[in-house]
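The values are calculated or read from the model by the stated rules, or taken from the named source; none is laboratory data. Since the structure is predicted, the reported quantities are computational estimates derived from the model, not experimental observations. Positions of Cβ are generated from backbone atoms using ideal geometry, with glycine treated the same way; all protein chains shown enter the neighbour counts.
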Amino acid sequence: MKAGFPLICAALLLTACDKKEGPACEVPADLPRPMLEGPSADAPRRILPIGGYTLAVSWTPEYCVNRASSPQDRIRCGEPGRFGFTLHGLWPDGKGALWPQYCTPTRLVPDAVIRQHLCSTPSPQLIQHEWEKHGTCMARVPADYFARSGKLFAALQFPDMEALRGRTLRAAEFQKAFADANPGMAPDQMRLNVGKTGWLEEVWLCLDKGFRRQSCPAHQSGALPEQVIRIR
């Protein structure tokens, strides 16, 4: 935790708040009520064998561009600089190009679970979405799924993003910086999700069926090593 970081998070949330790079995380007394989503024509239910996992972390300053006024994003984006990297989710991958999703019909994630993980994933609706689309393929109850993803997220370290902000660099350079911050991690164990204009949006970390780091499969997409990226 940075020197001078205010200790205003509940003890239950200290690990999650450590991942932030701005003012400390407080869970609001009143949270937006998430809505059930479920499968759709564009995102149908798929029951497939699991071949590995992806841990996706979002670079919030990029996500929040033009989203500060959105009611669903007010916790995440309402206060500029409040969050750095946040947990998007833990996704089961298939053994090929397709992946399982929306495996079991479900209910709303309990409020207590949302509050426990809001400093890692600062959006009740995103928490609901991740459970419905991905968690139902991996766990019987939301608490078990988010305990797993939260533990993996808490174990991550991040490069000095303040030193990288505003810079233009190759994807391979950023991957090396990210890997160097995590002992034993290799650059080829991650993919970078970069927007059309070159801004870094997310880092996707590749895991095997035992949730251990592995080289990302060749069929998975991501920025090419020489691609120029920018960090907001």
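List of remarks:
- Residue match in the range 140-155 (condition: surrounded by 14 or more Cβ atoms within 10 Å (Cβ to Cβ), farther than 22 Å from C64 by Cβ and polar (S, T, N, Q)): no
This table checks each residue for (1) of a type in the set (D, E, K, R); (2) in a loop (DSSP other than H, G, I, E, B).
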residue: L126; (1), (2): no, no
residue: E132; (1), (2): yes, no
residue: A139; (1), (2): no, yes
residue: L156; (1), (2): no, yes
residue: P159; (1), (2): no, yes
residue: A172; (1), (2): no, no
residue: F178; (1), (2): no, no
residue: L192; (1), (2): no, no
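- Test: residue in the range 150-160 that is in contact with a helix residue (DSSP H, G or I) (Cβ under 6 Å, 6 or more places away or on another chain), without any contact (Cβ under 8 Å) to a residue 60 or more places away in the chain and within 22 Å of E201 (Cβ to Cβ): yes
- Members of the range 87-127 that are at pLDDT 95 or above and of a type in the set (G, A, S): G89, G94, A112, S120, S123
- In the range 100-124, the residue that is surrounded by the fewest Cβ atoms within 10 Å (Cβ to Cβ) out of those that are β-branched (V, I, T) and in a helix (DSSP H, G or I) is V113.
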